[in-house]
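**Student:** Got a structure here, written out as structure tokens. Questions coming.
The values are calculated or read from the model by the stated rules, or taken from the named source; none is laboratory data. Treat the numbers as computed from the prediction; the structure is a model and nothing was measured. Note that we place each Cβ from the backbone using ideal geometry, even for glycine, and neighbour counts take in every protein chain shown.
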Amino acid sequence: MTMITRPRLTKTTLLFGGTVLWGLLLIGCVGINRSILAPAKVPGADYVGTKECAQCHSDQTDHFKNASHDKLAIADPKVGATGCEACHGPGSLHAKAGGGINNIVNPKKSPETCFACHVDKRGQFSLPSAHPVLAGKVSCVDCHEVHGSDAIQGPAALESMNETCTKCHTAQKGPFVFEHSALKEGCVSCHSPHGSVNQKMLVARDANLCLRCHLESPGKLAADLGQINANAIAHTNANHNSRLMSGNCWSSGCHEAVHGSNTSNFLRY
Ligand code: HEC
Ligand code: HEC
Ligand code: HEC
Ligand code: HEC
Ligand code: HEC
Ligand code: HEC
Ligand code: HEC
């Protein structure tokens, strides 16, 4: 117990973080202390610091300099930065043994390591429609590259974010003869990948999902079309007022092929 040094928050960390981050870090410290005390398989392990890991894992440490999680900058007074061990647990026994799999935490197997700091995510993945992360069928690292420069896989470009999704969801990948340009703004413009109260992880359960992009301010299009009282749908010549009463935009007979279609430019099927 006396060996445990409470991770010290550096000046950079404090400057970097607002109140939210602050909270996150405090939770992080609790998590880390727990992982020092708890793991049965690593009795007596202590922090050795990121530079130790670099000797054998340059693949991970080389990219880590720019990684989101490097900014955690949790430093131990004796060994310096301990960013790796924030997720992998204290590594002294692992380093001394020159490797091994039972003396180090591998978060791929369980999201618990991530929940220690990202507390809100446990709640999101418990929502009625969510990726089966809690069941262990999908892992945080299927979508996040934690060692790279940006924890969200690929460069910030949305296209590569979509690729993260379509490597599993091939049906939505296309190419389609008639593409829905909404996909250019990312799958996340309609889905919350961490979870949602709406089915299919949709960000909204009704026409509002579509109207966020397709609602033209009442007036302009209405005037163009000579319609009165139109909540006109953008990019269409048809008055949708009555149709919106009868169901979802993507329900039967309407725009079922919401991701893209090979036969209908109106994305009907
Ligand atoms: C945000 C949490 C997190 C941080 C910080 C982190 N890792 Fe990892 N690490 C993971 C996860 C999750 C996996 C399993 C998935 C994977 O291989 O990407 C992993 C896997 C690994 C592996 C096994 C790779 C393999 O091919 O099996 C090594 C080695 C490793 N990390 C070393 C490091 C080192 C060294 C650092 C510091 C530079 C570090 N990690 C920082 C989460 C983290
Ligand atoms: C002296 C070399 C050495 C050092 C130092 C070292 N490792 Fe490793 N590490 C290895 C080897 C070798 C393996 C492969 C183990 C195996 O397959 O048995 C490994 C495997 C791992 C794995 C994958 C475990 C798994 O479940 O597959 C992780 C994670 C890891 N190391 C993290 C770290 C971290 C974090 C540090 C710094 C605290 C560190 N290592 C320091 C040699 C080292
Ligand atoms: C020790 C606490 C801690 C742990 C453990 C941790 N994170 Fe983080 N994570 C943070 C903090 C703090 C940030 C905010 C950093 C930033 O905004 O750049 C963050 C940011 C992120 C981001 C957003 C990155 C970005 O560039 O916006 C992702 C994704 C992420 N973490 C995933 C994970 C995953 C997956 C795991 C488990 C393998 C994990 N984290 C474990 C503290 C942690
Ligand atoms: C199915 C893919 C997927 C899985 C699984 C996933 N994420 Fe994410 N995550 C994303 C995407 C996509 C974004 C970017 C969201 C955006 O830009 O709206 C993101 C954003 C984040 C962020 C930054 C924004 C925020 O919501 O705070 C964090 C932190 C994060 N994820 C943590 C995690 C953790 C921890 C896990 C595992 C418990 C996890 N994610 C599992 C796809 C995923
Ligand atoms: C590692 C593979 C994998 C990745 C990557 C992935 N998913 Fe999934 N997705 C799944 C699995 C598995 C399910 C659950 C299927 C089930 O419950 O039958 C699922 C379910 C879904 C569902 C709900 C389907 C339904 O019938 O309720 C949506 C929507 C979805 N994913 C969107 C996304 C988005 C958006 C991304 C990218 C941010 C993504 N997925 C990344 C594997 C993945
Ligand atoms: C314009 C909004 C929108 C965008 C963008 C979007 N989706 Fe969807 N997605 C939907 C709607 C609406 C449904 C529900 C369809 C239904 O219930 O028939 C759905 C359903 C799904 C399903 C479940 C399919 C099924 O057969 O039940 C998956 C998986 C999915 N989307 C993945 C993705 C992926 C991956 C992307 C990005 C490449 C994406 N979506 C982009 C609106 C969208
Ligand atoms: C992120 C913004 C966005 C969202 C959300 C969105 N769309 Fe779109 N949609 C577009 C864009 C951009 C176009 C291309 C418009 C153009 O080319 O004039 C488009 C085109 C269409 C078209 C083809 C119209 C035509 O005349 O060619 C249909 C049909 C359509 N969307 C239906 C939907 C439905 C149904 C939803 C809800 C499930 C939805 N959209 C949600 C952005 C979006």
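**Student:** Collect the residues in the range 172-205 that are within 10 Å of ligand 7 (Cβ to nearest atom) and in a loop (DSSP other than H, G, I, E, B), keeping them in residue-number order.
**Tutor:** Within the range 172-205, HIS180, GLY186, CYS190, VAL203, ALA204 qualify.
**Student:** Specify the residue that is farthest from ligand 3 (Cβ to nearest atom); the eligible residues are those in the range 177-197 that are within 13 Å of LEU267 (Cβ to Cβ) and surrounded by fewer than 19 Cβ atoms within 10 Å (Cβ to Cβ).
**Tutor:** VAL177
**Student:** Of all residues in the range 103-123, how many are near ligand 1 (Cβ under 9 Å from one of its atoms) and among the aliphatic types (A, V, I, L, M)?
**Tutor:** Residues flagged as near ligand 1 (Cβ under 9 Å from one of its atoms) and among the aliphatic types (A, V, I, L, M) within the range 103-123 amount to 2.
**Student:** PHE64 passes all but one of (1) closer than 25 Å to CYS190 by Cα; (2) aromatic (Phe, Trp, Tyr); (3) modelled with pLDDT under 90; which number fails?
**Tutor:** Result: PHE64 fails condition (1) only.
**Student:** While we're on this one: What's the total number of residues in the range 250-263 that are assigned to a loop (DSSP other than H, G, I, E, B) and either modelled with pLDDT of 90 or more or within 27 Å of the chain's Cα centre (by Cα) (or both)?
**Tutor:** 8
**Student:** Same structure, new question: Being of a type outside the set (Val, Ile, Thr) and surrounded by fewer than 16 Cβ atoms within 10 Å (Cβ to Cβ), is that true of even one residue in the range 83-90? First the steps, then the outcome.
**Tutor:** Taking the range 83-90 as the starting set, the residues that turn out to be of a type outside the set (Val, Ile, Thr) are 83-90.
After this cut, where a residue has to be surrounded by fewer than 16 Cβ atoms within 10 Å (Cβ to Cβ) as well, the list is none.
Looking for residues that are of a type outside the set (Val, Ile, Thr) and surrounded by fewer than 16 Cβ atoms within 10 Å (Cβ to Cβ), one finds none in the range 83-90, hence no.
**Student:** Using beta carbons and a limit of 7 Å, which pairs, at least six apart or on different chains, have the first residue in the range 150-175 and hydroxyl-bearing (Ser, Thr, Tyr) and the second one assigned to a loop (DSSP other than H, G, I, E, B) and modelled with pLDDT of 90 or more?
**Tutor:** THR166/LYS173
Conditions (1) at pLDDT 95 or above; (2) not assigned by TED's automatic domain parsing to the domain that holds TRP250, marked per residue:
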| position | (1), (2) |
| --- | --- |
| GLN153 | no, yes |
| ALA156 | no, yes |
| MET161 | no, yes |
| GLU185 | no, no |
| VAL197 | yes, yes |
| ALA207 | no, no |
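**Student:** Another question, if that's okay. Please give the number of the condition CYS53 fails out of (1) surrounded by 12 or more Cβ atoms within 10 Å (Cβ to Cβ); (2) at pLDDT below 50; (3) part of a helix (DSSP H, G or I).
**Tutor:** Going through (1) surrounded by 12 or more Cβ atoms within 10 Å (Cβ to Cβ); (2) at pLDDT below 50; (3) part of a helix (DSSP H, G or I) one by one, CYS53 breaks only (2).
**Student:** Mind listing just one residue for me: the one in the range 198-215 that is touching a helix residue (DSSP H, G or I) at 6+ places or on another chain (Cβ under 8 Å) and surrounded by 17 or more Cβ atoms within 10 Å (Cβ to Cβ) and, of those, farthest from SER246 (Cα to Cα)?
**Tutor:** LEU202
**Student:** Please go through the range 101-144 and pick out each residue that is away from ligand 3 (no atom under 14 Å from the Cβ) and assigned by TED's automatic domain parsing to the domain that holds CYS53.
**Tutor:** Once the filter is applied, which keeps residues that are away from ligand 3 (no atom under 14 Å from the Cβ) and assigned by TED's automatic domain parsing to the domain that holds CYS53, the range 101-144 yields ILE101, ASN102, ASN103.
**Student:** Right, next: Which members of the range 125-151 meet the condition of being closer than 19 Å to HIS69 by Cβ, part of a loop (DSSP other than H, G, I, E, B) and either at pLDDT below 70 or within 16 Å of ligand 2 (Cβ to nearest atom) (or both)? Explain how you work it out, then say what you get.
**Tutor:** Restricting attention to the range 125-151, the residues satisfying the condition of being closer than 19 Å to HIS69 by Cβ are 133, 139-151.
Filter again for part of a loop (DSSP other than H, G, I, E, B), leaving 133, 139, 145-151.
Matches in the range 125-151: SER139, GLU145, VAL146, HIS147, GLY148, SER149, ASP150, ALA151.
**Student:** Every residue in the range 118-147 that is within 17 Å of CYS165 (Cα to Cα) and either touching a Lys or Arg at 6+ places or on another chain (Cβ under 9 Å) or within 16 Å of ligand 7 (Cβ to nearest atom) (or both), please.
**Tutor:** SER129, HIS131, VAL133, SER139, CYS140, VAL141, ASP142 - these are the residues of the range 118-147 that are within 17 Å of CYS165 (Cα to Cα) and either touching a Lys or Arg at 6+ places or on another chain (Cβ under 9 Å) or within 16 Å of ligand 7 (Cβ to nearest atom) (or both).
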